[in-house]
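Every read-out reported here was derived from the displayed coordinates using simple, explicitly stated rules and does not represent laboratory data. As the structure is a prediction and not an experimental result, all values here were calculated from the model. In this analysis, Cβ positions are derived from the backbone assuming ideal geometry, glycine residues included, and neighbour counts consider all displayed protein chains.
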Amino acid sequence: MAVETKVVTRKVVREPHVRVTPPGPLATEYIARDEAVSSPSYTKVYPFVMDRGEGCFVWDVDGNRYLDFNAGIAVCTTGHSHPDVVRAIQAQAERFIHISSDFYHPLMVELAERLVKITPGDYEKRVFLCNSGTEAVEAAFKLARYMTRRPRVIAFLGSFHGRTMGSLSLTGSKSSHRHGFAPLVPGVTHAPYAYCYRCPINLTYPSCGIACVDFIEKMLFAKIVPSDEVAAIFVEPIQGEGGYVVPPPEWLPRLRELCDRHGILLVADEVQSGIGRTGKWFAVEHWGVVPDIVCVAKGIASGVPLGAMVARKDLVTWGPGAHGNTYGGNPLAAVAALETIRLVKEGLMENAAELGAYALERLRRMQGRHPSIGDVRGKGLMIGVELVKGDGEPAKELRDDVVLRAFRKGLLILGAGLNVVRIAPPLVIDRETLDLGLDIFEQALAEAEAL
Ligand code: PLP
């Protein structure tokens, strides 16, 4: 069987994609029906109603074609409906679709073996499989407390770890996520993240001496959080929902050192940044840091729900019944993940590194033409473009306008943080398609700036 690792989308048509102004008649009808029955808590940024997808392109129910620079929030690693992933799911569906995690099956074993190999750390590990990012984080939170018998954890301002009670307690990117849900899980303290472009403690890198790590020790540990009560520090190596924030080179190594000094576990939440997106299996590898626990989800199974917590074997001290679920290791998710991991290894990770560097360079040149681009940052195909006003303040309205205008022109992008546009296409993208999307982005930006 031919292995298709690179680009599924074979044709790039440089013509308007949006023939019916969205929402078209069918989209309008579905949106009305959705509003009648779905929870209003979902955030809908614009009226895109998906009909089908192929590679980096998606079609709405009215026949409009869009280039997808978002990949279902960094999920569709291999593009939409990669034929190898589809074939594997179809074949597995005919064998069996579910057997609960109370039993064994070969795919669950194979997936855990693969995850142990690709996660950082040359030591023995154990894998807990689940269905989403929030569950992977919950598992890590519970394991850290269980294993250390310490009641507290540290997370970061601007972080996003999920929305179930435990991970919501760690999440610190928008107070709207937390509003109305208190009391959350006790024992969580938030520290400033190394967001150097907009330093939360108003210092400047590198003269700050990475004061945000010292803050944990000199302020939190010294004044309100006894360090020997801290089980873990939860960190996104690159902050996702908080604005695609890339910390400076010293930051993660300094955090690792701090954890080691105090016997604290370092948990890397790689739910958005993992599985090749940044040009390495896991973003934390860019800094040569080895965490104790890694949380994985989103991009692992090309869109089939799957999460995983991978921990150092000696930490996984809990016994039968301490933690579990019904669907963990679901065979459809497992085959999708095994195919995704194979495709990432056979070319997509390299593609993400190469085209990510190219996109960063193009966006930095674009920054020279557009003063509203305050910062361009990222690793691989996880790129944030921060939009600012003349005085450097966050340009939220401009960002929202750019996202909407890009949509009307046939490009799906989403915001992150207050004023950042995130660029996270499927890793199967080729240079021509990437250029097409960046061209549309620049047109949308120019139009929005001209107002
Ligand atoms: N952790 C990170 C870093 C995320 O970006 C997300 C989702 O955006 C989550 C956890 C939660 O994942 P899920 O939505 O699958 O529960």
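Mind ordering 274-283, 29-38, 53-62 by average Cβ neighbours within 10 Å, highest first?
274-283, 53-62, 29-38
Over the Cα atoms of the range 8-107, each weighted equally, I'd like the Debye log10 I(q)/I(0) at q = 0.12, 0.15, 0.21 Å⁻¹, rounded to two decimals.
-0.58, -0.82, -1.12
Relative contact order of the range 65-198: what whole-number percent is it, with Cα pairs under 8 angstrom and at least 6 residues apart?
Averaging sequence separation for qualifying contacts and normalising by length gives 15 percent for the range 65-198.
If contacts are Cα pairs under 8 angstrom and at least 6 residues apart, what is the relative contact order of the range 251-361 in percent?
Worked out over the range 251-361, it gives 27 percent.
What does the charge dipole of the chain about its Cα centre add up to, to the nearest 20 debye, if the Cβ of each Lys and Arg holds +1 and the Cβ of each Asp and Glu holds -1?
420 debye
Beyond 24 Å between alpha-carbons counts as too far, so tell me which of LYS298/LYS379; LYS44/LYS142; LYS379/LYS409 fall in that bin.
LYS44/LYS142; LYS379/LYS409
Output wanted: per-residue J couplings in Hz (rounded whole) for the range 358-370, from phi through Karplus 6.51 cos²θ - 1.76 cosθ + 1.60, θ = phi - 60°, x for Gly and Pro.
The phi angles translate into 5, 5, 4, 5, 4, 5, 5, 5, 4, 4, x, 8, 10 Hz.
Can you list, largest first and rounded to whole Å, the semi-axes you get for the range 103-181 by taking the square root of 5 times each eigenvalue of its Cα gyration tensor?
Whole-Å semi-axes of the equivalent ellipsoid: 28, 15, 12.
Which of the peptides 315-327, 338-350, 150-162 is most tightly packed, and how do the rest follow, judged by the mean count of other Cβ atoms within 10 Å per residue?
150-162, 338-350, 315-327
Over every pair of different alpha-carbon atoms in the range 50-138, take the mean of 1/r and invert it; report that Kirkwood radius in Å.
This gives a value of 16.0 Å.
Could you work out the Kirkwood radius for the range 66-111, taking every pair of different alpha carbons, averaging 1/r and inverting it, reported in Å?
About 12.9 Å, per the Kirkwood formula over Cα pairs.
Given only helices, namely DSSP H runs of n ≥ 4 each adding -39500 (n - 2.57), what is the per-residue ellipticity at 222 nm of the chain, to the nearest 500 deg cm²/dmol?
Using -39500 (n - 2.57) per qualifying helix, the result is -10500 deg cm²/dmol.
Under a Cβ-Cβ cut-off of 10 Å, what is the net charge of the residues other than VAL344 that fall near it, where Lys and Arg count +1 and Asp and Glu count -1?
0
Within a 10 angstrom radius of the beta carbon, how do MET382, MET366, MET309 rank from fewest other beta carbons to most?
Lowest count first: MET366, MET382, MET309.
If we count every other residue with Cβ under 11 angstrom of ALA71's Cβ, Lys/Arg +1 and Asp/Glu -1, where does the sum land?
Around ALA71, the surrounding residues sum to +2.
For the range 405-449 and the range 214-245, write down the distance between their C-alpha centroids in whole Å.
When both Cα centres are located, 33 Å separates them.
How long, wide and thick is the range 393-451, going by the Cα atoms along their three principal axes, in whole angstroms, largest first?
Extents along the principal axes, in whole Å: 34, 23, 17.
From the alpha carbon gyration tensor of the chain, can you work out the equivalent ellipsoid semi-axes (sqrt of 5 times each eigenvalue) and give them in Å, largest to smallest?
Over the Cα atoms of the chain, the ellipsoid semi-axes are 33, 29, 20 Å.
Binned at 5 Å from 0, what are the whole-percent values of the Cα-Cα distance distribution for the range 69-205, short to long?
P(r) over the range 69-205, rounded to whole percents: 2, 7, 11, 14, 17, 16, 13, 10, 6, 2, 1, 0.
Give the Rg/Rh ratio for the range 297-451, taking Rg as the radius of gyration of the Cα atoms and Rh as the Kirkwood radius, to two decimals.
Using Cα coordinates only, the ratio equals 1.09.
As a test, work out the antiparallel percent of DSSP beta bridges whose residues both lie in the chain, rounded to the nearest 5.
Beta bridges within the chain, antiparallel portion: roughly 65 percent.
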